[in-house]
Amino acid sequence: MIKKTYSINGMHCASCVATIERVLLKTEGVHSASVNFASESALIEFDNSVISESELAKIVASVGYHLEVSEKEKGAYMTTDKKEEILVDSPHRGFGDANGNTETVSMKVIGMDSPHCAMIVEGAIKKLSGIKNTDVDFSNQRAKVVFDSSLINTSEILKVITDAGYTPIKEEGIKEEVIDKEKLERENQAKILKRKLVIGAILSAFIFLGSFSDLFSFIPKILGNNWVLLVLTTPVQFWVGWQFYSGLKLVVKYRTADMNTLVAVGTLAAYFYSVVVTVFPSFFIKEGITPAVYFDTSAIIIVLILLGKYFEVLMKGRASEAIKKLIGLQPKTAKVLREEKEVEISISDVVVGDLIIVRPGERIPVDGKITEGDSEVDESMVTGESMPVHKTIGGAVIGSTINKFGTFTFQATKVGKETVLSQIIKMVEEAQGSKAPIQRLADLVSSYFVPAVFVIAIITFIAWFFFGPAFTFALVNFVAVLIIACPCALGLATPMAIMVSSGSAANKGILIKDATSLEIANKIDTVVLDKTGTLTEGKPQLTDIVAFNNGRQVEVLTFAASLEQRSEHPLAQAILQYAASLDQKSSHPLDKAIADEVIKEKIKLHKLEDFKAISGKGLKGFLQIQNQRVEAYLGNRALVVDIGLDISPYEDNISSLENEGKTVMILIVDKKIKGALAVADVLKRESIEAIQTLKKNNIDVWMITGDNDRTARAIATQVGIDKVMSEILPDKKSEKVRELQNQGKIVAMIGDGINDAPALTQANIGIAMGEGTDIAMESANITLMRGDLMLIPEVINISKRTMRVIKQNLFWAFFYNIAFIPVAAGILYPFFGILFSPIFAAAAMAFSSISVVLNSLRLKKA
């Protein structure tokens, strides 16, 4: 009899649970089945002599769901090697459907990055027949569609999304493959945009010069010919600007509009008006109107807006890289004891209860508890703490952490999606999905703005057609309205400011991932700082040398360094690195705290024999001192007790150092306590100044750490932080950030490690230190490349300046459009004889664009 938990894909509601349980319980050989909708799993007890795992999978598949089984059992059924395979196209019944034709397709939708975009995509899909349900998540650019495969297929769904102006990518295979597809699509998109930009810019330059050939004497006259300008403009209009015509499809097929609609209508109006002038100039001359073309207007608008689009593509889509690297941390195999023999198996075949052997330098495959042996384990990827943690029998170990020294055996307690690393991956994904970017004002307004402009243009044409002097009079005013309403300034308002601002920030060592980050950063009122590697240097340094009984500090350091010379422990490295630096010009924090004699003398190490590490306590060895073999120890309080020495005369000195959050090592030479050395993770130089600056700006400052409370409080006191969250593990870090957000706080999280990734993505703004891990940097919205904490206040200042400029840009863009549309419609003509021709409309439109660009360029000087 086997009792095992399996992952199940395809469940949508409680009725799915009942369906799966019912079919399993009717199956011969199955004794019990409990399906959990929340965890997407099923606990099944079955007789493997009657029914196999692959047969169970077939039974579940028969009602439209997918039960994941191991590689060796699955046969034709694709499963995950605990990397959470994404299944699409597998038929499974959704929402209790009984016809067996229901299928689900999941996809990434490139370009769907706002609520308005999600509305367009969802609206387009729902217009298809056979669609049962849609789940659209713009923050993760993901859509899931449940449909009747007898009425519609996947290709038709993908096509309608493409027609709406977005790029769908089916999610199939393991997550790394999906992420690679998305990355390749973005890179391809950027290459195409770049090529179009270069060609469009070259052609637009010639078009501009030809349009104003009278101002440039060196320009050949033929370049100013309208037919030549038509030939030069046509590829810009219909090849370079092709992507904007998806906006016309939206109007025709789905009766909605976006920024692409505005660009397409505005530029096509200028283009076709110019074509008519070029082909039928006599028509305008006869009516007493000077035939003027606006090819330059059309071409330059397209190139400028495409520049903004190119910039946006370069900034998006790096969050998935963080997930990919997190997945890559997990070992691929594990050395498991099977029938008292060591067997190396795939990580996907490890089950709860397996005994696993881990040797020095190897990553621990899954979570578990030690059953034999002991060791030092580097858990920095989880806790952020740089010191290895001593593990003994009964101690918990975490999958993907690194075993440093000893060999041990442990029993697996959590595998697959239940491990700490998998939970971190899940939290990063959830935090990315729950983050709500600010709606793009221009996109939101455009859905109302474009229909309004169409209505005004048509009313203008009708009014002047019946009440005006001539048909061309109505046509010119109609075109003038469309041209003045062209959204070039709206399209440039945000991306141009972001482009200039992020470029300026990059020169200061601040990398900003997206516009949303700059929109939010100026509202930050709470900053949460990770301790290790953010406030501190992230590696232990020797901070104190204390000599007892009138001894000399240089002797204490010499003995300690001699004992540690064969050790690879971080505490040993701290001592040895300091000893090695004494013959160099150093700015070590200890230099000001110890006697000059240590700095001036060059350390000469004693010969070490019979070195032995004492697990969890310290080390011992024999030193050759003046031709004598002397026994020496260096370790913690427990080691001193084992030796049988009295520590009480030195208690005050040792306790004082421990109360400062330092790790104290006691030196014993020839059965006598000679002194103590203290090691700690020291503060960065700029930490205190940065905290003071943030507080002056009325920002609430918190420190969060996995360290014990005493160490945390000691560091917080030194740096000037009053609010401390100590002994916090990764899942709790993101919870603490969420708690602050629930209080109405706008939170910035600053961290540097893998363990900070969930909190970085949960925060309104995640800021990663450039000296930290790639995963932290890719999970964050902003990266500080110098790791300088003084850049945090600078991020907030840059955001405030940028948002001020963006609001100014949007104001002027709307002002030019709204103020001049009535003038272009001819509202002043009956009273003052003022008529806004397309030339002035184009000039006003161009001026609105120029004002946006120039205003944005001010950020360079800020």
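The values are calculated or read from the model by the stated rules, or taken from the named source; none is laboratory data. Everything numeric in this text was worked out from a predicted model, so none of it was measured. All Cβ positions, glycine included, derive from the backbone under ideal geometry; neighbour counts span all protein chains shown. Keep in mind that these areas ignore ligands, DNA and RNA; they rest on the heavy atoms of the full protein, side chains included. Shrake-Rupley method; radii C 1.70, N 1.55, O 1.52, S 1.80 Å.
Distance distribution P(r), region 705-835, all Cα-Cα pairs, bin width 10 angstrom from 0: 11, 27, 27, 10, 9, 9, 5, 2, 0 percent. Among the listed pairs Lys523/Lys696; Lys508/Lys662; Lys159/Lys194; Lys662/Lys684; Lys4/Lys369, those whose Cα-Cα separation exceeds 23 Å are Lys508/Lys662; Lys159/Lys194. Ser282 exposes around 80 Å² of accessible area when a 1.4 Å probe is run over every protein chain in place. A crude spin-label estimate for the pair Lys696 and Ile222, with each label 7 Å from Cα along the Cβ direction, gives 6.6 nm. Protein heavy-atom accessible surface, 1.4 Å probe, per residue over region 680-733: 48 Å². Over region 680-771, the alpha carbon radius of gyration divided by the compact-protein estimate 2.2 N^0.38 Å works out to 1.04.
Close amide-amide hydrogen proximity is noted between Thr526 and Asp700, Ile746, Ala748, each under 5 Å apart and 5 or more residues distant or on a separate chain (H modeled in the peptide plane; Pro and chain starts excluded). Compared with the alpha-carbon gap, the fully stretched path from Asn133 to Lys194 is longer by 18.2 nm at 0.36 nm per residue.
Annotation: amide H-H contacts under 5 Å for Ile728 (H modelled 1.01 Å from N, sequence separation of 5 or more, or interchain): Thr705, Gly706, Asp707.
The tail of the calculated P(r) for region 613-719 beyond 15 Å holds 70 percent of all Cα-Cα pairs.
Placing R0 at 22 angstrom, the Cβ-Cβ distance between His390 and Asn659 gives a FRET efficiency of 0.50 after rounding to 0.05. For the cross-link pairs Lys332/Lys620; Lys531/Lys695; Lys723/Lys807, which exceed 26 Å when the distance is taken from alpha carbon to alpha carbon? Checking Cα-Cα distances, Lys332/Lys620; Lys723/Lys807 exceed 26 Å. Accessible surface of Trp239, taken over heavy atoms with a 1.4 Å probe and every protein chain present, rounds to 100 Å².
Amide hydrogen proximity for Gly406: with H placed 1.01 Å from N in the peptide plane, the residues at 5 or more positions away or on another chain lying under 5 Å are Glu376.
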